[in-house]
Amino acid sequence: MSNVRVRFCPSPTGNPHVGMVRTALFNWAYARHTGGTFIFRIEDTDSARDSEESYNDLLDSLRWLGMDWDEGPEVGGPHGPYRQSERMDIYADVASQLLAGGYAYKCYCSPEELEERREVARAAGKTPGYDRMCRTLSAEQIAAYEAEGRSAVVRFRMPDTDYTWVDLVRGEVTFANEHVPDYVIVRATGEPLYTLVNPVDDVLMEVTHVLRGEDLLSSTPRQLALYDALKELGIAQGERPQYGHLPYVMGEGNKKLSKRDPESRLLMYREEGYLPEGLINYLALLGWSFGEDREFFSKEDMAEVFDISRVNANPARFDLKKCTAINGEWMRALETDDLTDRLIPYLVTDGVFAQHPTQDQVLTLRKAVPLVQERMETLRQGVGMLGFLFYGDEGSPEFQVEPAEAEKVLTPDAQPVLTAGLQALEQLTEWTTETIEAALREALIDGLELKPKLAFGPVRVAVTGRRVSPPLFESLEILGRERTLARIQAAIG
Ligand code: GLU
Ligand code: ZN
């Protein structure tokens, strides 16, 4: 065990996205590499935006990806509760200690007044942050504001100094004092903000390393200042945490990948049948490198060598094609039985299988998986490639040639090809890949003198429903004589 304590602390708003998971992964890997503790904390203090659905999606996503947490929801731990919505009295207490100690003050300015003064500052070419008006209110002024019935936010009093830290990713970073305003930590409604609850919990949960996205860089000087205040109040015990800011993830057109981009939605990957191993492998490459040009590795491999010093400060580019290709590599690396098991839920979701596939169906699937393992990059593609084997089973839909494919391939010209193929297959006494292949070659290539594509295309579409299918002769063997003949027959009719 080491004393490294890192945290992943998303807000449960909207869909989990890949940037978030990348952050979780780097924290997880660092904890596992160092033998430290991976804390999972839910930052749900914004009741207007947080949702239970999003909370459940977050837990579900981390579980799906196999990122186990040592402290957090459903697991517990010595610093709980780990949902901030259950820690409100802690924040109220800290806020009042900060007020009493003079580290924070009440600000009675209305939004309109603030905006007016910002305008004036802008016009004068000054930094339009908060002008610290309420820092020095007299007791009479405060009494007057209270009598007016004004509500007040709580602002943190930024010390008059610059803040510098050695960022674990970016090296030395400095924020000049004028760029860090006295920021709001508690709303007029009494609700504590991220600016308070996040660093307070980092302190109370004894977080040693904060690894998070670069978008939070400007929070760091505020949090360092708050940390120092908490230290003086005796609330913080240890050292300031160390900070490392992970590079931006860029999407199409070199714009920051946004939550609205479909490829940023984590659940999409699960729906489309990416493997957790494949997705994690790809996300690891967003700003980190294994070394030795190695691009294929498990999260355990990653954890073994993970070091923050290998995190690159330059923006990373999100490339869905590459992500899919890496997933394909993972698909090929799976054992047949494992891949079969993983395909089943997708066959169920897509309605190919009933809720509980029969033993026969599972056996057939297992036989067919090696035929497509090399060519599918996602599990969902496997459903498309193998569904034809099961249509017509009890509980499954009837077999149907895709209309667009039928129109292209099952033309009048194809009729004699299908008829000759059918006759050849009907005569087979033994139904194996070899006998099927020999019979069709003899009838269509030798007999009708067709090129393979024109010879086998119509049979393929008639039997599998698509122009792209697993290897034809093997497929027919697995599909069985009766169904094969009936489907060719139907295509002729
Ligand atoms: N709840 C914050 C977020 O999701 C956490 C940021 C941080 O890591 O400090 O953006
Ligand atoms: Zn004010």
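Rule-based calculations on the coordinates, nothing more; no lab input. Just so we're clear, the structure is a prediction, and the values are computed from it rather than from any experiment. FYI the Cβ positions are ideal-geometry reconstructions off the backbone, even for glycines, and counts take in every protein chain you see.
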For segment 420-479, which residues satisfy the criterion of being farther than 25 Å from Gly387 by Cα, among the polar types (S, T, N, Q) and part of a helix (DSSP H, G or I)? Gln423
Here are some residues: Ala24, Ala48. Which one is farther than 17 Å from Gly80 by Cβ and not in a helix (DSSP H, G or I)? Ala48
Taking segment 25-56 and keeping only residues that are out of contact with any helix residue (DSSP H, G or I) (no Cβ under 7 Å at 6 or more places or on another chain), farther than 25 Å from Trp288 by Cα and not hydrophobic (A, V, I, L, M, F, W, C), one is left with Asp46, Ser47, Arg49, Asp50, Ser51, Glu52, Glu53, Ser54, Tyr55, Asn56
If Glu277 passes every condition in (1) surrounded by 15 or more Cβ atoms within 10 Å (Cβ to Cβ); (2) among the acidic types (Asp, Glu); (3) within 25 Å of Val169 (Cβ to Cβ) but one, which one does it miss? (3)
So, in segment 41-74, of the ones that are small (Gly, Ala, Ser) and crowded, with 16+ Cβ neighbours inside 10 Å, which residue ends up farthest from Gly273 (Cα to Cα)? Gly72
Restricting attention to segment 115-149, which residues are in contact with a Phe, Trp or Tyr (Cβ under 7 Å, 6 or more places away or on another chain) and within 9 Å of ligand 2 (Cβ to nearest atom)? Cys134, Arg135
Is one or more of the residues making up segment 340-350 touching a residue at least 24 places away in the same chain (Cβ under 8 Å), assigned to a helix (DSSP H, G or I) and closer than 19 Å to Arg294 by Cβ? no
Given the conditions (1) within 14 Å of ligand 1 (Cβ to nearest atom); (2) closer than 30 Å to Leu275 by Cβ; (3) basic (Lys, Arg), report the number of the one that Arg87 does not fulfil. (2)
Hey, among Ala152, Ala139, Ala143, which residue is of a type outside the set (D, E, K, R), within 15 Å of Lys106 (Cα to Cα) and touching a residue at least 12 places away in the same chain (Cβ under 8 Å)? Ala152
What are the residues in segment 171-213 that are out of contact with any Cys (no Cβ under 8 Å at 6 or more places or on another chain), assigned to a helix (DSSP H, G or I) and within 11 Å of ligand 1 (Cβ to nearest atom), if any? Tyr194, Thr195, Val197, Pro199, Asp202
Output for segment 355-367, where each listed residue is farther than 11 Å from Asp337 by Cα and either surrounded by 14 or more Cβ atoms within 10 Å (Cβ to Cβ) or in contact with a strand residue (DSSP E or B) (Cβ under 7 Å, 6 or more places away or on another chain) (or both): Pro357, Thr358, Gln361, Thr364
Taking segment 214-233 and keeping residues in a helix (DSSP H, G or I), among the aliphatic types (A, V, I, L, M) and out of contact with any helix residue (DSSP H, G or I) (no Cβ under 6 Å at 6 or more places or on another chain) leaves Leu216, Leu224, Ala225, Ala229
Show the residue pairs meeting these rules: Cβ distance below 7 Å; 6+ apart or different chains; first residue within segment 69-86 and closer than 15 Å to Asp50 by Cβ and without any contact (Cβ under 8 Å) to a residue 60 or more places away in the chain; second residue assigned to a loop (DSSP other than H, G, I, E, B) and hydroxyl-bearing (Ser, Thr, Tyr). Pro73/Tyr82; Ser85/Thr45
Does Ile90 satisfy the condition of being within 12 Å of ligand 2 (Cβ to nearest atom), surrounded by 12 or more Cβ atoms within 10 Å (Cβ to Cβ) and in a helix (DSSP H, G or I)? no
Test each condition in (1) closer than 20 Å to Lys106 by Cα; (2) within 27 Å of the chain's Cα centre (by Cα) for Leu226 and report the one that comes out false. (2)
Residue under evaluation Ala121, criteria (1) touching a residue at least 12 places away in the same chain (Cβ under 8 Å); (2) surrounded by fewer than 17 Cβ atoms within 10 Å (Cβ to Cβ); (3) touching a Gly at 6+ places or on another chain (Cβ under 9 Å), criterion not met: (1)
So Arg260 ticks every box in (1) among the basic types (Lys, Arg); (2) under 25 Å from Ala29 (Cα atoms); (3) assigned to a loop (DSSP other than H, G, I, E, B) but one. Which box is left unticked? (2)
Counting only residues that are within 17 Å of Tyr82 (Cα to Cα) and either among the hydrophobic types (A, V, I, L, M, F, W, C) or not in a strand (DSSP E or B) (or both), segment 1-21 contains a total of 7
For residues that are assigned to a loop (DSSP other than H, G, I, E, B) and surrounded by 13 or more Cβ atoms within 10 Å (Cβ to Cβ), tally how many sit in segment 129-167. 12
